[in-house]
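The values are calculated or read from the model by the stated rules, or taken from the named source; none is laboratory data. All values reported here derive from a predicted model rather than from experimental measurement. Reconstructed Cβ throughout: ideal geometry from the backbone, glycine too, with neighbour counts over all protein chains shown.
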C-alpha cells in the first residue's frame with residue numbers, strides 16, 4: 001500500500017472518531033480575546049515561572065525515584081536505547097528504505113511519522 005493512501009485512510013478514520021466525540025454539555029465562559037487585558041505581562045511571567053518550576057520539579061521527582069529505588073534503575077538504559085533506536089530508525093534506516101521503495105529519500109519522514 002502506498003504511504004500516501006495509508007495516511008489518507010488514517011486521517012479519515014481519525015476524523016470519523018472525532019466526529020462522534022461530544023463535549024457532554026460543557027460550556028466555557030466567553031471572553032473577549034481581542035481587547036488588551038490588564039496584567040498580561042504579570043500573568044506571562046507567572047506562567048513562565050510556573051513552567052520552569054514544574055519542569056525542574058519533575059526532574060527532581062524522577063531523579064529521586066530512580067536513584068532511591070533499585071527496581072527503577074532500568075529506566076535509564078531503557079529510555080536511552082529507545083531514544084537512540086528511534087533516532088537511528090529516523091535518520092539511518094528510513095531514508096534508505098524510502099530511496100529504495102519510494103524513489104526519493106526525502107519521503108522518509110512520511111514513512112516514520114504518518115500523522116503529519
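Tabulated values for the structure
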read-out	value
For residue 102: the one exception among (1) within 17 Å of the chain's Cα centre (by Cα); (2) touching a residue at least 40 places away in the same chain (Cβ under 8 Å)	(1)
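A quick yes/no check of all residues on (1) assigned to a helix (DSSP H, G or I); (2) modelled with pLDDT of 90 or more; (3) out of contact with any helix residue (DSSP H, G or I) (no Cβ under 6 Å at 6 or more places or on another chain):
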{"residue": "14", "(1), (2), (3)": "yes, no, yes"}
{"residue": "17", "(1), (2), (3)": "yes, no, yes"}
{"residue": "25", "(1), (2), (3)": "no, no, yes"}
{"residue": "32", "(1), (2), (3)": "no, no, yes"}
{"residue": "35", "(1), (2), (3)": "no, no, yes"}
{"residue": "46", "(1), (2), (3)": "yes, no, yes"}
{"residue": "56", "(1), (2), (3)": "yes, yes, yes"}
{"residue": "92", "(1), (2), (3)": "yes, no, yes"}
{"residue": "109", "(1), (2), (3)": "yes, no, yes"}
